[in-house]
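Contents: one structure, followed by commentary.
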Amino acid sequence: NRDGPSHPGSRLEQGLYQVGGDHGPRPVVDTDETGRLAYGLQPGQLSSLGRIMTGGAPVPAPLLARVLQATGGNAAVLTGYGLTEASALVTLAEVELGPDGEVLRGRTIGRVLDGMELQVHGEDGTRLAPGEVGEFVIRGPNVMAGYYNAPEANAAVFDSEWLRSGDLGTIDADGYAY
C-alpha cells in the first residue's frame with residue numbers, strides 16, 4: 001500500500017506498481033509504455049517482482065530476454081494467447097533462456113491449456129499438419145455458446161464444434177503455437 005513499501009524509482013517500475021493489499025505490489029503493464037521503457041532495463045532492476053505476463057501482441061525475443069535478466073531470475077515471465085470468446089486465455093508458456101542466453105522458442109505463444117483444444121485449420125476447414133500456417137480454431141468448455149441475438153455472427157465464427165479465431169498461426173510438432 002502507499003503507506004508501506006516506497007514506490008520504485010524508475011518510470012518503468014512506477015508503471016508496474018499497483019497496490020496489492022496484503023499481498024504486496026502487483027504488476028500492471030501498459031504495453032506501449034512498457035515496450036518503450038523496457039529496453040533500458042538493467043539486470044536485477046525488477047527483482048522485486050514474482051510474475052510478469054505478456055499478451056495482446058507479440059513480444060520480441062530480445063525484449064523478453066531483457067525482462068528476464070531484469071528480474072534477476074526471481075520472476076516467472078509468461079506469454080500467452082487468448083480471445084474474449086474463449087474466456088480470455090487459451091495458451092501459455094513460461095519464457096526460458098537457453099545456455100547461450102537466447103530465449104528458447106522466442107516467438108511462441110505457448111501450449112494449449114488443459115481442458116481446451118487448439119488446432120490449425122486450412123481455408124477448407126481441414127486440420128493442417130504441424131508447421132503449416134492456417135487459422136487457429138478452439139474448442140472446449142471455455143468457449144462461448146455464441147453471440148447474443150446474432151445468428152449471422154455465430155454462423156461466421158463457428159465451424160461445427162470449433163470457434164474460428166480469425167487469427168493465423170501454426171503449431172509445431174511439440175505442441176507450441178506461434
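Keeping the other protein chains in place, figure out the carbon and sulfur percent of the accessible area of the stretch 48-178, with a 1.4 Å probe. Walk me through the numbers before you get to the answer.
Details: 3810 of 7380 Å².
Ligands and nucleic acids excluded, carbon and sulfur give 52 percent.
Could you compute the FRET efficiency for D114 and E161, with r as their C-beta to C-beta distance and R0 at 25 Å, rounded to 0.05? Mind showing how you got there, number by number?
Working: r = 18 Å, r/R0 = 0.74.
So the FRET efficiency works out to roughly 0.85.
Remark: spin-label model distance R51-D100 equals 3.2 nm, labels positioned 7 Å along the Cα→Cβ axis. Among residues other than D159 whose Cβ falls under 12 Å from its Cβ, what is the net charge (Lys/Arg +1, Asp/Glu -1)? Result for the neighbourhood of D159: -1.
Of all DSSP beta bridges confined to the stretch 51-149, the antiparallel ones make up roughly 80%. Scan the stretch 88-178 for GluC sites (Glu not before Pro) in coil per DSSP, keeping those whose Cβ has at most 16 other Cβ atoms within 10 Å, and list them by number. The qualifying sites are E96, E102, E123, E132, E161.
The values are calculated or read from the model by the stated rules, or taken from the named source; none is laboratory data. Remember, predicted model here, so these are calculated numbers, not experimental data. Don't worry about glycine lacking a Cβ; one is built from the backbone with ideal geometry, like all the others, and counts go over all protein chains shown. Heavy atoms of the whole protein, side chains included, go into the accessibility calculation; ligands, DNA and RNA do not. Shrake-Rupley method; radii C 1.70, N 1.55, O 1.52, S 1.80 Å.
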